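The values are calculated or read from the model by the stated rules, or taken from the named source; none is laboratory data. None of the values given here were measured: they were computed from a predicted structure. Virtual Cβ from ideal backbone geometry, glycine too; neighbours counted across all protein chains shown. The accessibility values were calculated without ligands, DNA or RNA, using every heavy atom of the protein model including side chains. Shrake-Rupley method; radii C 1.70, N 1.55, O 1.52, S 1.80 Å.
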Amino acid sequence: MQTGALPFQPRSFDDLGTPLRDVTFCVVDLETTGGSPATCAITEIGAVKVKGGECLGTFQTLVNPGVPIPPEIVVLTGITEAMVYPAPTVDAVLPTFCEFAGGSVLVGHNLRFDISFLDAALAAHGYPRLAHARVDTVALARRLVRDEVPDCRLATLARRLRLAHQPSHRALADALATADLLHALLERAAGLGVLGLDDLLALPKLASHPLAPKLRLTTGLPRRPGVYLFKGGGGRVLYVGKATDLRSRVRSYFSGDDRRKVLPLLREAETVDHVVCPTPLEAAVLEVRLIHRYQPPYNQRSKRWRGYAYLKLTLDERFPRLSVVKAPGRDGGLYLGPLGSSAVARQVAEAIESAVPIRRCTARPRRDGPLREAPCTPAQLGVAACPCAGTISEDDYRDIVTVVVDGLTRDPSVLLRPLEQRMNALAAAERFEEAASTRDRAAALARALHRQRQFEALRRAGRLELDVGADQRRLVFRGGLLGPQAGVDVEGPDPGPGTPVPRHLADELACVARWLDTEAARVKLVACEGELSWPLPRLPRFEPTGGDRLLSPRGPGRS
(Lines give C-alpha, C1' and ligand atoms only; values in the text may rest on other atoms or scores of the structure.)
Protein backbone atom coordinates (compact mmCIF):
# COMPACT_ATOMS: atom_id res chain seq x y z
CA MET A 1 0.00 0.00 0.00
CA GLN A 2 1.27 3.48 -0.86
CA THR A 3 0.92 6.41 1.49
CA GLY A 4 1.57 10.12 1.35
CA ALA A 5 0.33 13.09 -0.62
CA LEU A 6 -0.39 12.97 -4.32
CA PRO A 7 1.31 15.47 -6.64
CA PHE A 8 -1.49 17.97 -7.06
CA GLN A 9 -2.45 21.29 -5.47
CA PRO A 10 -6.19 21.87 -4.93
CA ARG A 11 -7.54 25.29 -5.80
CA SER A 12 -7.68 27.67 -2.84
CA PHE A 13 -10.63 29.85 -1.89
CA ASP A 14 -8.62 32.90 -2.97
CA ASP A 15 -8.87 31.66 -6.57
CA LEU A 16 -12.66 31.47 -6.64
CA GLY A 17 -12.99 34.93 -8.18
CA THR A 18 -10.70 34.00 -11.10
CA PRO A 19 -12.17 34.95 -14.50
CA LEU A 20 -13.35 31.84 -16.34
CA ARG A 21 -10.96 32.48 -19.22
CA ASP A 22 -8.08 31.97 -16.76
CA VAL A 23 -9.46 28.83 -15.10
CA THR A 24 -7.99 25.45 -16.02
CA PHE A 25 -10.65 22.71 -16.17
CA CYS A 26 -9.90 18.99 -16.10
CA VAL A 27 -12.84 17.14 -17.64
CA VAL A 28 -12.83 13.52 -16.49
CA ASP A 29 -14.81 10.41 -17.34
CA LEU A 30 -14.52 6.82 -16.10
CA GLU A 31 -15.63 3.43 -17.33
CA THR A 32 -16.26 0.87 -14.59
CA THR A 33 -17.41 -2.70 -14.05
CA GLY A 34 -20.63 -1.54 -12.42
CA GLY A 35 -22.41 1.20 -10.51
CA SER A 36 -21.10 0.85 -6.94
CA PRO A 37 -17.54 1.80 -5.92
CA ALA A 38 -17.87 -0.58 -2.96
CA THR A 39 -18.14 -3.68 -5.16
CA CYS A 40 -17.00 -2.54 -8.62
CA ALA A 41 -13.77 -1.17 -10.09
CA ILE A 42 -12.44 1.23 -12.71
CA THR A 43 -11.64 -0.11 -16.20
CA GLU A 44 -10.72 3.13 -18.01
CA ILE A 45 -9.87 6.75 -17.17
CA GLY A 46 -10.10 9.54 -19.72
CA ALA A 47 -9.50 13.23 -19.13
CA VAL A 48 -8.97 16.41 -21.12
CA LYS A 49 -7.51 19.62 -19.75
CA VAL A 50 -8.86 22.87 -21.19
CA LYS A 51 -8.33 26.58 -20.56
CA GLY A 52 -9.81 29.57 -22.35
CA GLY A 53 -11.55 27.26 -24.82
CA GLU A 54 -8.29 25.55 -25.84
CA CYS A 55 -7.25 21.96 -25.21
CA LEU A 56 -4.06 21.77 -23.13
CA GLY A 57 -3.74 18.00 -23.18
CA THR A 58 -5.45 14.66 -22.82
CA PHE A 59 -5.07 11.66 -20.56
CA GLN A 60 -6.29 8.15 -21.34
CA THR A 61 -5.51 4.72 -19.94
CA LEU A 62 -7.17 1.36 -19.51
CA VAL A 63 -7.06 0.03 -15.97
CA ASN A 64 -6.87 -3.59 -14.85
CA PRO A 65 -9.82 -3.79 -12.45
CA GLY A 66 -8.69 -7.05 -10.82
CA VAL A 67 -12.26 -8.40 -11.12
CA PRO A 68 -14.29 -9.87 -14.02
CA ILE A 69 -16.10 -7.46 -16.34
CA PRO A 70 -19.83 -8.33 -16.58
CA PRO A 71 -21.04 -9.17 -20.11
CA GLU A 72 -23.52 -6.31 -20.19
CA ILE A 73 -20.68 -3.85 -19.44
CA VAL A 74 -18.62 -5.38 -22.26
CA VAL A 75 -21.56 -4.88 -24.63
CA LEU A 76 -22.05 -1.26 -23.43
CA THR A 77 -18.41 -0.10 -23.51
CA GLY A 78 -16.68 -2.58 -25.77
CA ILE A 79 -13.95 -3.02 -23.13
CA THR A 80 -13.08 -6.70 -22.74
CA GLU A 81 -11.01 -8.54 -20.16
CA ALA A 82 -8.41 -9.22 -22.82
CA MET A 83 -8.01 -5.46 -23.28
CA VAL A 84 -7.51 -4.66 -19.59
CA TYR A 85 -5.38 -7.71 -18.70
CA PRO A 86 -2.06 -6.05 -19.67
CA ALA A 87 -3.15 -2.63 -18.40
CA PRO A 88 -1.74 -1.12 -15.16
CA THR A 89 -3.66 -1.44 -11.91
CA VAL A 90 -5.39 1.59 -10.43
CA ASP A 91 -2.71 2.17 -7.77
CA ALA A 92 -0.16 2.70 -10.54
CA VAL A 93 -2.47 5.02 -12.49
CA LEU A 94 -3.66 7.32 -9.67
CA PRO A 95 -0.44 9.35 -9.17
CA THR A 96 -0.17 10.04 -12.89
CA PHE A 97 -3.81 11.09 -13.18
CA CYS A 98 -3.62 13.37 -10.13
CA GLU A 99 -0.48 15.00 -11.50
CA PHE A 100 -2.34 15.60 -14.77
CA ALA A 101 -5.32 17.10 -12.95
CA GLY A 102 -3.05 19.30 -10.80
CA GLY A 103 -4.85 22.27 -9.28
CA SER A 104 -7.51 22.43 -11.96
CA VAL A 105 -11.27 22.43 -11.50
CA LEU A 106 -12.70 18.94 -12.02
CA VAL A 107 -15.58 18.70 -14.48
CA GLY A 108 -17.76 15.73 -15.34
CA HIS A 109 -21.20 14.73 -16.52
CA ASN A 110 -22.80 13.28 -13.39
CA LEU A 111 -19.45 13.98 -11.76
CA ARG A 112 -20.50 12.47 -8.43
CA PHE A 113 -20.34 8.99 -9.97
CA ASP A 114 -16.77 9.44 -11.23
CA ILE A 115 -15.56 11.10 -8.03
CA SER A 116 -17.01 8.31 -5.90
CA PHE A 117 -14.88 5.72 -7.75
CA LEU A 118 -11.75 7.88 -7.67
CA ASP A 119 -12.14 8.65 -3.96
CA ALA A 120 -12.73 4.99 -3.16
CA ALA A 121 -9.56 4.02 -5.06
CA LEU A 122 -7.54 6.79 -3.39
CA ALA A 123 -8.72 5.81 0.07
CA ALA A 124 -8.01 2.12 -0.59
CA HIS A 125 -4.40 2.92 -1.41
CA GLY A 126 -3.73 5.37 1.41
CA TYR A 127 -4.14 8.64 -0.45
CA PRO A 128 -6.29 11.63 0.59
CA ARG A 129 -9.55 12.18 -1.24
CA LEU A 130 -9.81 14.72 -4.04
CA ALA A 131 -10.16 18.30 -2.78
CA HIS A 132 -10.57 20.08 -6.11
CA ALA A 133 -13.37 22.52 -6.90
CA ARG A 134 -15.99 20.69 -8.98
CA VAL A 135 -18.44 21.47 -11.77
CA ASP A 136 -21.12 19.01 -12.86
CA THR A 137 -22.37 19.62 -16.39
CA VAL A 138 -25.61 17.76 -15.59
CA ALA A 139 -26.51 20.40 -12.99
CA LEU A 140 -25.53 23.21 -15.37
CA ALA A 141 -27.56 21.74 -18.22
CA ARG A 142 -30.64 21.37 -16.02
CA ARG A 143 -30.44 25.07 -15.17
CA LEU A 144 -29.53 26.43 -18.62
CA VAL A 145 -31.01 24.26 -21.38
CA ARG A 146 -33.54 21.96 -19.72
CA ASP A 147 -36.42 23.51 -21.65
CA GLU A 148 -34.69 22.87 -24.97
CA VAL A 149 -33.97 19.14 -24.65
CA PRO A 150 -36.04 16.05 -23.79
CA ASP A 151 -33.48 14.97 -21.16
CA CYS A 152 -30.01 15.91 -19.91
CA ARG A 153 -28.15 12.74 -20.88
CA LEU A 154 -24.76 13.42 -22.43
CA ALA A 155 -25.68 11.78 -25.74
CA THR A 156 -28.89 13.83 -26.00
CA LEU A 157 -27.14 17.09 -25.23
CA ALA A 158 -24.29 16.36 -27.66
CA ARG A 159 -26.76 15.65 -30.43
CA ARG A 160 -29.15 18.59 -29.75
CA LEU A 161 -26.36 21.12 -29.22
CA ARG A 162 -24.37 19.76 -32.19
CA LEU A 163 -21.17 19.25 -30.25
CA ALA A 164 -17.98 18.47 -32.16
CA HIS A 165 -17.41 15.24 -30.20
CA GLN A 166 -20.07 12.59 -29.60
CA PRO A 167 -19.99 10.21 -26.59
CA SER A 168 -19.44 6.49 -27.17
CA HIS A 169 -19.19 5.02 -23.64
CA ARG A 170 -15.41 5.22 -23.84
CA ALA A 171 -13.70 7.43 -21.29
CA LEU A 172 -11.72 9.83 -23.47
CA ALA A 173 -14.47 10.23 -26.08
CA ASP A 174 -17.00 11.00 -23.35
CA ALA A 175 -14.57 13.42 -21.68
CA LEU A 176 -14.06 15.29 -24.98
CA ALA A 177 -17.84 15.49 -25.49
CA THR A 178 -18.24 16.78 -21.94
CA ALA A 179 -15.58 19.44 -22.56
CA ASP A 180 -17.52 20.61 -25.63
CA LEU A 181 -20.69 20.66 -23.54
CA LEU A 182 -18.95 22.72 -20.85
CA HIS A 183 -17.96 25.38 -23.38
CA ALA A 184 -21.48 25.48 -24.84
CA LEU A 185 -22.99 25.90 -21.38
CA LEU A 186 -20.50 28.61 -20.42
CA GLU A 187 -21.68 30.65 -23.41
CA ARG A 188 -25.25 30.35 -22.15
CA ALA A 189 -24.21 31.18 -18.60
CA ALA A 190 -22.55 34.43 -19.67
CA GLY A 191 -26.04 35.83 -20.20
CA LEU A 192 -26.64 35.43 -16.48
CA GLY A 193 -23.51 37.34 -15.57
CA VAL A 194 -21.38 34.24 -14.92
CA LEU A 195 -17.90 35.64 -15.40
CA GLY A 196 -15.81 34.05 -12.63
CA LEU A 197 -15.27 30.67 -11.08
CA ASP A 198 -17.31 31.56 -8.00
CA ASP A 199 -20.22 32.51 -10.27
CA LEU A 200 -19.98 29.17 -12.07
CA LEU A 201 -19.87 27.11 -8.88
CA ALA A 202 -22.98 28.90 -7.59
CA LEU A 203 -24.87 28.76 -10.89
CA PRO A 204 -26.84 25.51 -10.31
CA LYS A 205 -28.62 27.23 -7.42
CA LEU A 206 -28.73 30.70 -8.93
CA ALA A 207 -30.28 29.70 -12.23
CA SER A 208 -33.16 27.92 -10.50
CA HIS A 209 -34.14 31.11 -8.69
CA PRO A 210 -37.51 32.51 -9.84
CA LEU A 211 -35.87 35.89 -10.45
CA ALA A 212 -32.69 34.59 -12.06
CA PRO A 213 -32.99 37.01 -15.04
CA LYS A 214 -32.23 39.83 -12.61
CA LEU A 215 -28.76 38.40 -12.14
CA ARG A 216 -27.80 40.88 -14.86
CA LEU A 217 -28.00 43.56 -12.16
CA THR A 218 -24.87 42.09 -10.58
CA THR A 219 -22.69 42.09 -13.70
CA GLY A 220 -20.84 45.31 -12.87
CA LEU A 221 -20.21 44.56 -9.20
CA PRO A 222 -16.54 44.17 -8.21
CA ARG A 223 -15.06 41.54 -5.95
CA ARG A 224 -14.02 44.09 -3.35
CA PRO A 225 -15.28 45.26 0.05
CA GLY A 226 -17.95 47.90 0.10
CA VAL A 227 -21.62 48.76 0.42
CA TYR A 228 -24.41 47.80 -1.98
CA LEU A 229 -27.80 49.46 -2.41
CA PHE A 230 -30.84 47.78 -3.93
CA LYS A 231 -32.93 50.50 -5.58
CA GLY A 232 -36.47 50.43 -6.89
CA GLY A 233 -38.49 52.72 -9.11
CA GLY A 234 -37.44 56.34 -9.11
CA GLY A 235 -34.13 55.44 -7.47
CA ARG A 236 -35.73 54.74 -4.11
CA VAL A 237 -33.29 52.90 -1.84
CA LEU A 238 -34.88 49.61 -0.77
CA TYR A 239 -32.02 47.95 1.11
CA VAL A 240 -28.46 48.76 2.14
CA GLY A 241 -25.90 46.09 3.00
CA LYS A 242 -22.15 45.66 3.36
CA ALA A 243 -19.88 42.92 2.06
CA THR A 244 -16.23 41.92 1.91
CA ASP A 245 -16.92 40.73 -1.66
CA LEU A 246 -19.68 42.81 -3.23
CA ARG A 247 -20.28 40.58 -6.24
CA SER A 248 -20.47 37.31 -4.31
CA ARG A 249 -22.68 38.79 -1.61
CA VAL A 250 -25.28 40.29 -3.93
CA ARG A 251 -25.41 37.19 -6.12
CA SER A 252 -26.00 35.09 -3.00
CA TYR A 253 -29.46 36.65 -2.76
CA PHE A 254 -30.36 34.49 -5.76
CA SER A 255 -29.21 31.23 -4.19
CA GLY A 256 -29.18 30.22 -0.54
CA ASP A 257 -30.64 33.35 1.05
CA ASP A 258 -34.02 32.23 2.35
CA ARG A 259 -34.95 35.28 4.41
CA ARG A 260 -38.64 36.04 4.11
CA LYS A 261 -38.21 39.49 2.58
CA VAL A 262 -35.60 38.60 -0.04
CA LEU A 263 -38.01 37.65 -2.83
CA PRO A 264 -40.15 40.80 -2.46
CA LEU A 265 -36.95 42.87 -2.37
CA LEU A 266 -35.66 41.30 -5.59
CA ARG A 267 -39.02 41.71 -7.31
CA GLU A 268 -39.04 45.42 -6.51
CA ALA A 269 -35.36 46.07 -7.27
CA GLU A 270 -34.49 47.71 -10.58
CA THR A 271 -30.83 48.54 -10.03
CA VAL A 272 -28.01 47.64 -7.65
CA ASP A 273 -25.59 50.46 -6.88
CA HIS A 274 -22.40 50.04 -4.92
CA VAL A 275 -19.63 51.98 -3.21
CA VAL A 276 -16.19 50.36 -2.92
CA CYS A 277 -14.57 50.85 0.50
CA PRO A 278 -10.88 50.23 1.25
CA THR A 279 -11.58 48.33 4.48
CA PRO A 280 -14.50 46.36 5.93
CA LEU A 281 -14.78 48.86 8.80
CA GLU A 282 -15.31 51.75 6.42
CA ALA A 283 -17.96 49.67 4.66
CA ALA A 284 -19.70 48.95 7.98
CA VAL A 285 -19.68 52.63 8.97
CA LEU A 286 -20.97 53.73 5.56
CA GLU A 287 -23.73 51.11 5.78
CA VAL A 288 -24.92 52.56 9.11
CA ARG A 289 -24.89 56.12 7.79
CA LEU A 290 -26.76 55.23 4.60
CA ILE A 291 -29.40 53.31 6.54
CA HIS A 292 -29.88 56.31 8.82
CA ARG A 293 -30.15 58.61 5.80
CA TYR A 294 -32.51 56.59 3.61
CA GLN A 295 -34.43 54.47 6.13
CA PRO A 296 -34.72 51.59 3.59
CA PRO A 297 -37.95 49.60 4.02
CA TYR A 298 -36.21 46.20 3.83
CA ASN A 299 -33.58 46.95 6.48
CA GLN A 300 -34.32 46.19 10.11
CA ARG A 301 -31.14 46.81 12.03
CA SER A 302 -29.72 50.34 12.43
CA LYS A 303 -32.80 52.22 11.23
CA ARG A 304 -34.75 52.25 14.49
CA TRP A 305 -32.42 54.62 16.31
CA ARG A 306 -35.22 57.14 16.83
CA GLY A 307 -36.85 54.55 19.08
CA TYR A 308 -33.80 54.17 21.32
CA ALA A 309 -34.31 55.11 24.97
CA TYR A 310 -32.25 56.09 28.00
CA LEU A 311 -32.40 55.03 31.61
CA LYS A 312 -32.16 58.10 33.83
CA LEU A 313 -31.37 58.35 37.52
CA THR A 314 -33.24 61.52 38.54
CA LEU A 315 -30.57 63.16 40.68
CA ASP A 316 -32.50 66.44 40.51
CA GLU A 317 -35.16 65.05 42.92
CA ARG A 318 -35.04 64.81 46.71
CA PHE A 319 -35.43 61.06 46.47
CA PRO A 320 -33.97 60.04 43.09
CA ARG A 321 -35.52 57.16 41.14
CA LEU A 322 -35.03 55.42 37.81
CA SER A 323 -36.93 56.72 34.83
CA VAL A 324 -37.09 55.69 31.15
CA VAL A 325 -36.83 58.70 28.84
CA LYS A 326 -36.56 59.15 25.08
CA ALA A 327 -33.97 61.91 25.11
CA PRO A 328 -31.44 63.12 27.69
CA GLY A 329 -31.73 66.58 29.14
CA ARG A 330 -29.41 69.05 30.82
CA ASP A 331 -30.92 68.40 34.23
CA GLY A 332 -28.06 66.87 36.21
CA GLY A 333 -29.42 63.35 35.86
CA LEU A 334 -27.24 60.27 35.36
CA TYR A 335 -28.01 58.59 32.03
CA LEU A 336 -27.38 55.05 30.82
CA GLY A 337 -27.80 54.44 27.13
CA PRO A 338 -29.02 54.78 24.52
CA LEU A 339 -30.67 51.37 24.79
CA GLY A 340 -32.50 49.47 22.07
CA SER A 341 -36.02 50.39 23.16
CA SER A 342 -38.08 51.52 26.11
CA ALA A 343 -38.71 47.85 26.90
CA VAL A 344 -34.97 47.16 27.10
CA ALA A 345 -34.48 50.24 29.28
CA ARG A 346 -37.30 49.08 31.56
CA GLN A 347 -35.68 45.65 31.91
CA VAL A 348 -32.38 47.27 32.92
CA ALA A 349 -34.26 49.41 35.45
CA GLU A 350 -35.89 46.28 36.89
CA ALA A 351 -32.45 44.71 37.25
CA ILE A 352 -31.19 47.67 39.29
CA GLU A 353 -34.38 47.79 41.36
CA SER A 354 -33.96 44.07 42.12
CA ALA A 355 -30.39 44.66 43.32
CA VAL A 356 -30.89 47.89 45.28
CA PRO A 357 -34.08 49.00 47.10
CA ILE A 358 -34.35 52.32 45.27
CA ARG A 359 -37.82 53.84 45.21
CA ARG A 360 -40.16 52.76 42.45
CA CYS A 361 -43.21 54.97 42.87
CA THR A 362 -43.59 58.00 40.64
CA ALA A 363 -45.11 60.40 43.18
CA ARG A 364 -43.70 63.89 42.77
CA PRO A 365 -41.48 64.74 45.75
CA ARG A 366 -42.65 67.62 47.90
CA ARG A 367 -40.32 70.18 49.39
CA ASP A 368 -40.80 68.60 52.81
CA GLY A 369 -42.86 65.85 54.34
CA PRO A 370 -43.79 62.39 52.97
CA LEU A 371 -44.19 61.72 49.26
CA ARG A 372 -47.70 60.33 49.68
CA GLU A 373 -50.24 59.60 52.37
CA ALA A 374 -49.74 55.82 52.34
CA PRO A 375 -46.81 53.63 51.34
CA CYS A 376 -46.77 52.44 47.74
CA THR A 377 -47.11 48.74 46.92
CA PRO A 378 -43.34 48.03 46.52
CA ALA A 379 -42.73 49.67 49.90
CA GLN A 380 -45.46 47.58 51.53
CA LEU A 381 -43.95 44.41 50.00
CA GLY A 382 -40.56 45.37 51.39
CA VAL A 383 -38.78 45.39 48.01
CA ALA A 384 -38.17 49.14 47.91
CA ALA A 385 -37.00 51.58 50.57
CA CYS A 386 -39.47 54.08 49.24
CA PRO A 387 -39.88 57.17 51.44
CA CYS A 388 -43.61 57.23 50.74
CA ALA A 389 -44.64 57.71 54.37
CA GLY A 390 -41.44 59.16 55.76
CA THR A 391 -40.01 55.80 56.86
CA ILE A 392 -36.49 56.58 55.60
CA SER A 393 -34.44 59.73 56.00
CA GLU A 394 -32.88 61.62 53.16
CA ASP A 395 -29.40 60.73 54.47
CA ASP A 396 -30.16 57.01 54.56
CA TYR A 397 -31.75 57.17 51.12
CA ARG A 398 -28.70 59.03 49.81
CA ASP A 399 -26.63 55.94 50.71
CA ILE A 400 -28.85 53.84 48.43
CA VAL A 401 -28.47 56.32 45.60
CA THR A 402 -24.70 56.30 46.08
CA VAL A 403 -24.66 52.53 45.57
CA VAL A 404 -26.59 52.92 42.31
CA VAL A 405 -24.27 55.67 41.06
CA ASP A 406 -21.19 53.60 41.96
CA GLY A 407 -22.65 50.57 40.17
CA LEU A 408 -23.36 52.55 37.00
CA THR A 409 -20.09 54.47 36.88
CA ARG A 410 -17.34 52.71 38.86
CA ASP A 411 -18.03 49.26 40.34
CA PRO A 412 -20.73 47.25 38.49
CA SER A 413 -20.34 44.37 40.96
CA VAL A 414 -22.40 46.23 43.60
CA LEU A 415 -25.37 45.79 41.25
CA LEU A 416 -24.52 42.53 39.52
CA ARG A 417 -23.41 40.52 42.55
CA PRO A 418 -26.80 40.75 44.34
CA LEU A 419 -28.52 39.68 41.11
CA GLU A 420 -26.22 36.70 40.74
CA GLN A 421 -26.79 35.68 44.35
CA ARG A 422 -30.55 35.97 43.92
CA MET A 423 -30.44 33.95 40.69
CA ASN A 424 -28.45 31.16 42.38
CA ALA A 425 -30.74 31.12 45.41
CA LEU A 426 -33.84 30.86 43.23
CA ALA A 427 -32.29 28.07 41.18
CA ALA A 428 -31.33 26.18 44.36
CA ALA A 429 -34.94 26.47 45.51
CA GLU A 430 -36.04 25.08 42.10
CA ARG A 431 -37.84 28.32 41.25
CA PHE A 432 -36.38 28.16 37.79
CA GLU A 433 -38.67 30.62 36.01
CA GLU A 434 -37.89 33.34 38.54
CA ALA A 435 -34.20 32.46 38.33
CA ALA A 436 -34.33 32.79 34.53
CA SER A 437 -36.08 36.15 34.81
CA THR A 438 -33.38 37.39 37.19
CA ARG A 439 -30.69 36.08 34.85
CA ASP A 440 -32.20 37.94 31.91
CA ARG A 441 -32.33 41.17 33.87
CA ALA A 442 -28.72 40.76 34.98
CA ALA A 443 -27.68 40.05 31.39
CA ALA A 444 -29.47 43.18 30.15
CA LEU A 445 -27.75 45.29 32.79
CA ALA A 446 -24.31 43.78 32.06
CA ARG A 447 -24.76 44.41 28.32
CA ALA A 448 -25.84 47.99 28.93
CA LEU A 449 -22.86 48.69 31.18
CA HIS A 450 -20.47 47.03 28.74
CA ARG A 451 -21.77 49.13 25.87
CA GLN A 452 -21.59 52.27 28.00
CA ARG A 453 -17.93 51.54 28.72
CA GLN A 454 -17.18 51.03 25.03
CA PHE A 455 -18.83 54.30 24.07
CA GLU A 456 -17.08 56.30 26.76
CA ALA A 457 -13.68 54.76 25.99
CA LEU A 458 -14.00 55.73 22.32
CA ARG A 459 -15.13 59.24 23.13
CA ARG A 460 -12.33 59.75 25.69
CA ALA A 461 -9.76 58.65 23.12
CA GLY A 462 -10.23 61.90 21.22
CA ARG A 463 -8.27 61.86 17.99
CA LEU A 464 -7.16 58.29 17.33
CA GLU A 465 -4.97 57.08 14.43
CA LEU A 466 -4.69 53.40 13.47
CA ASP A 467 -2.95 51.59 10.64
CA VAL A 468 -4.93 48.57 9.38
CA GLY A 469 -4.58 45.90 6.71
CA ALA A 470 -1.63 44.63 4.74
CA ASP A 471 -1.16 48.05 3.12
CA GLN A 472 -1.28 49.77 6.55
CA ARG A 473 -4.13 52.09 5.57
CA ARG A 474 -4.40 54.97 8.04
CA LEU A 475 -7.78 55.41 9.73
CA VAL A 476 -8.42 58.53 11.78
CA PHE A 477 -11.16 58.60 14.42
CA ARG A 478 -12.43 61.56 16.41
CA GLY A 479 -14.33 60.50 19.48
CA GLY A 480 -14.86 57.05 17.94
CA LEU A 481 -16.25 58.45 14.66
CA LEU A 482 -14.63 58.17 11.23
CA GLY A 483 -14.48 61.08 8.83
CA PRO A 484 -16.95 61.32 5.93
CA GLN A 485 -17.29 57.97 4.11
CA ALA A 486 -17.99 58.28 0.39
CA GLY A 487 -19.17 61.82 1.10
CA VAL A 488 -21.62 60.72 3.81
CA ASP A 489 -20.97 62.22 7.25
CA VAL A 490 -22.71 61.68 10.58
CA GLU A 491 -26.06 63.41 11.02
CA GLY A 492 -25.00 65.61 13.88
CA PRO A 493 -22.05 66.41 16.17
CA ASP A 494 -21.15 64.57 19.35
CA PRO A 495 -21.24 66.87 22.40
CA GLY A 496 -18.32 64.86 23.76
CA PRO A 497 -17.35 62.88 26.88
CA GLY A 498 -19.31 63.50 30.03
CA THR A 499 -22.62 63.81 28.18
CA PRO A 500 -25.02 61.04 27.11
CA VAL A 501 -24.29 59.55 23.67
CA PRO A 502 -26.77 60.97 21.13
CA ARG A 503 -29.10 58.33 19.70
CA HIS A 504 -28.00 58.94 16.10
CA LEU A 505 -24.38 58.06 16.97
CA ALA A 506 -25.02 54.86 18.94
CA ASP A 507 -25.06 52.48 15.94
CA GLU A 508 -21.81 53.82 14.52
CA LEU A 509 -20.00 53.79 17.87
CA ALA A 510 -21.20 50.23 18.44
CA CYS A 511 -19.92 49.27 14.98
CA VAL A 512 -16.47 50.74 15.67
CA ALA A 513 -16.34 49.15 19.14
CA ARG A 514 -17.13 45.70 17.73
CA TRP A 515 -14.46 46.12 15.08
CA LEU A 516 -11.84 47.15 17.63
CA ASP A 517 -12.70 44.17 19.84
CA THR A 518 -12.26 41.84 16.86
CA GLU A 519 -9.25 43.44 15.17
CA ALA A 520 -7.29 44.70 18.18
CA ALA A 521 -4.42 42.27 17.57
CA ARG A 522 -4.20 43.17 13.86
CA VAL A 523 -4.12 46.97 13.99
CA LYS A 524 -1.24 49.30 14.75
CA LEU A 525 -1.84 52.20 17.13
CA VAL A 526 -0.16 55.28 15.68
CA ALA A 527 -1.45 58.09 17.91
CA CYS A 528 -4.07 58.65 20.59
CA GLU A 529 -4.94 62.11 21.85
CA GLY A 530 -6.66 60.88 25.00
CA GLU A 531 -6.87 57.41 26.52
CA LEU A 532 -8.07 54.20 24.92
CA SER A 533 -8.72 52.07 27.97
CA TRP A 534 -11.23 51.64 30.75
CA PRO A 535 -9.67 50.91 34.17
CA LEU A 536 -12.58 48.88 35.50
CA PRO A 537 -12.99 45.14 36.24
CA ARG A 538 -14.25 42.84 33.51
CA LEU A 539 -18.00 42.47 33.40
CA PRO A 540 -19.54 39.00 33.74
CA ARG A 541 -21.89 37.60 31.08
CA PHE A 542 -25.16 36.01 32.03
CA GLU A 543 -26.52 34.89 28.64
CA PRO A 544 -26.91 31.11 28.44
CA THR A 545 -25.95 31.07 24.73
CA GLY A 546 -24.29 34.44 24.19
CA GLY A 547 -25.47 37.17 21.87
CA ASP A 548 -25.58 40.94 22.18
CA ARG A 549 -29.11 42.26 21.82
CA LEU A 550 -28.67 45.65 23.48
CA LEU A 551 -29.51 47.73 20.44
CA SER A 552 -31.61 45.05 18.77
CA PRO A 553 -34.37 43.73 21.05
CA ARG A 554 -35.12 40.88 18.64
CA GLY A 555 -31.58 39.59 18.80
CA PRO A 556 -28.62 39.70 16.47
CA GLY A 557 -29.31 39.34 12.76
CA ARG A 558 -28.44 40.54 9.31
CA SER A 559 -28.84 44.15 8.49
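Remarks
- Positive-pole candidate from Tyr127, Thr178, Trp305, dipole of the chain, charges at beta carbon: Trp305
- Spin-label pair Arg417-Asp91: with each label point 7 Å from Cα along the Cα-Cβ axis, the two points sit 7.0 nm from one another.
- Segment 395-445: GluC sites (Glu not before Pro) in DSSP coil with no more than 11 other Cβ atoms inside 10 Å: Glu430
- Once C-alpha pairs closer than 8 Å and six or more residues apart are averaged by separation and normalised to the residue number of the chain, the relative contact order reads 10 percent.
- Charge dipole of the chain about the Cα centre (unit charges at C-beta), most positive-ward option of Pro37, Val240, Pro167: Val240
- Summarising the label geometry, the points placed 7 Å from Cα in the beta-carbon direction at Leu76 and Arg514 lie 5.3 nm from one another.
- Stretching Glu99 away from Ser168 to a fully extended chain increases their span by 22.2 nm, per 0.36 nm per residue minus the current alpha-carbon distance.
- FRET efficiency estimate (nearest 0.05) - Cβ-Cβ, Arg224 to Arg410, R0 51 angstrom: 0.70
- The charge dipole of the chain, taken about its Cα centre with unit charges on the Cβ of Lys, Arg, Asp and Glu (plus for the first two, minus for the last two), comes to roughly 2100 debye.
- Carbon plus sulfur fraction of accessible area for the chain, probe 1.4 Å, in percent: 50
- Convex hull (Cα only) mean projected area of the chain, reported in nm² to one decimal: 35.4
- Mean shadow area of segment 108-191, taken as a quarter of the surface of its Cα convex hull (nm²): 6.0
- As a length-normalised measure over Cα pairs under 8 Å and 6 or more apart, the relative contact order of segment 189-345 settles at 19 percent.
- Remark: the chain carries 47 Å² of accessible area per residue (probe radius 1.4 Å; ligands, DNA and RNA excluded).
- From phi via Karplus (6.51, -1.76, 1.60), per-residue ³J(HN,Hα) for segment 273-286 in Hz, x at Gly/Pro: 8, 8, 10, 6, 10, x, 9, x, 5, 4, 5, 5, 5, 4
- Put a plus charge on the Cβ of each Lys and Arg, a minus charge on the Cβ of each Asp and Glu, and nothing anywhere else: the dipole of segment 131-207 about its Cα centre is then about 220 debye.
- FRET efficiency for Arg216 and Glu531, using Cβ-Cβ distance with R0 set to 56 Å, rounded to 0.05: 0.60
- The chain: Lys pairs at Cα distance under 19 angstrom, eight or more positions apart or on different chains: 12
- Looking at segment 388-447, the trypsin sites (Lys or Arg not before Pro) that sit in a DSSP loop and have at most 15 other Cβ atoms within 10 Å of their own Cβ are Arg410, Arg431.
- Residues listed by number, segment 267-305, amide nitrogen under 17 Å from Ala343 label point at 7 Å toward C-beta: 300-305
- Its Cα centre serving as origin, segment 12-129 has a Cβ charge dipole (Lys and Arg +1, Asp and Glu -1) of approximately 100 debye.
- Euclidean distance of C-alpha centroids, segment 381-437 and segment 289-307, integer Å: 37
- Taking every DSSP helix (H) stretch of at least 4 residues in the chain, weighting each as -39,500 (n - 2.57) and dividing the sum by the residue count yields a mean residue ellipticity at 222 nm of -11500 deg cm²/dmol.
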